[in-house]
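Please treat every number below as a calculation from the coordinates, not as lab data. Here the structure is a predicted model, which is why all the values come from computation and not from measurement. All Cβ positions, even for glycine, are placed from backbone atoms using ideal geometry, and neighbour counts span all protein chains on display.
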Amino acid sequence: MNKLKVLSKVIESKGGIKPQFTFYHVVKAMELLKENESLGRHHLMRELMLGEASVKTLIRRLKELNLVETSRPYGTRLTSLGLELVNYVNSLIKMLPELPKEGLCVKCRLSGVVVKEGSTLLTRYDVLKIRDLVVRHGAEGAVIILFKDSVAYMPTSTGEELVKDLKAVEHVLKSGYVTNNDLLIIAICGEELPHQLCYASAVNAVIDILVHAF
């Protein structure tokens with residue numbers, strides 16, 4: 001069973017009402033709890049940029065799935081199951097909130113996600129479908145990069161093109177974030193879109209793909 005499907009349970013509509021939080025908020029909340037051991041509701045509200053009602057609902061759903069536990073005065077903390085899930089997510093993806101834009105666009109901002117061994121996704125999803133999904137989640141466009149032996153290629157409908165002079169790709173390679181057969185999905189957003197929303201569009205698209213891929 002795909003372990004990530006539990007994330008779909010957290011964000012599913014109930015009673016015809018869709019929650020304000022997304023895959024991005026769920027993963028970020030769990031990352032914050034891993035980093036800080038325990039957090040109060042108001043801290044999560046600030047970090048996630050969500051209202052009190054949404055954060056209460058998010059915590060309640062995570063608790064119902066035994067991913068977090070709450071107590072006074074400590075607030076919310078991950079359970080062993082929650083820690084296992086966030087570690088599993090981290091083994092699949094590397095989230096890159098900001099990437100340099102030189103060589104790709106001018107008045108824009110970029111966020112990205114590295115999918116470990118992501119080349120396997122290209123056997124199930126063509127690049128246009130992946131790009132459309134990133135746009136559906138809020139970006140203006142997307143670029144998909146495949147890494148083979150430390151060389152970057154852009155998959156196309158007819159094959160692969162060698163990638164040159166993209167600072168975002170150079171940054172990812174120099175940082176050691178990628179290995180052979182990893183996939184980098186870059187969300188391209190307008191400058192007017194808040195940084196967090198651009199980041200969320202990349203994360204939401206990738207988690208959406210991984211939840212339904214296997």
Practice task
Treat each spin label as a single point 7 Å out from the Cα along the C-beta direction, and report the residue 43 to residue 13 distance in nm.
Solution key: 3.5 nm
Fill in the blank from the handout: Descending packing, highest mean Cβ count within 10 Å first, for 197-210, 145-158 is 197-210, 145-158
Practice task
Quick one: go through the range 64-100 and flag any residue whose amide nitrogen is under 11 Å from the point 7 Å out along the Cα-to-Cβ line of residue 36.
Solution key: 75-77
Problem - Additional length obtainable on full extension of the chain from residue 211 to residue 174, 0.36 nm per residue less Cα span - result: 10.4 nm
Handout entry: Built amide H within the under 5 Å cut-off of residue 188, gap 5+
Key = 140, 141, 142, 143
Problem - Under 23 Å from residue 94, Cα to Cα: lysines that are on another chain or at least 8 residues apart - result: 3, 5, 9, 28, 34, 116, 129, 148, 164, 167, 174
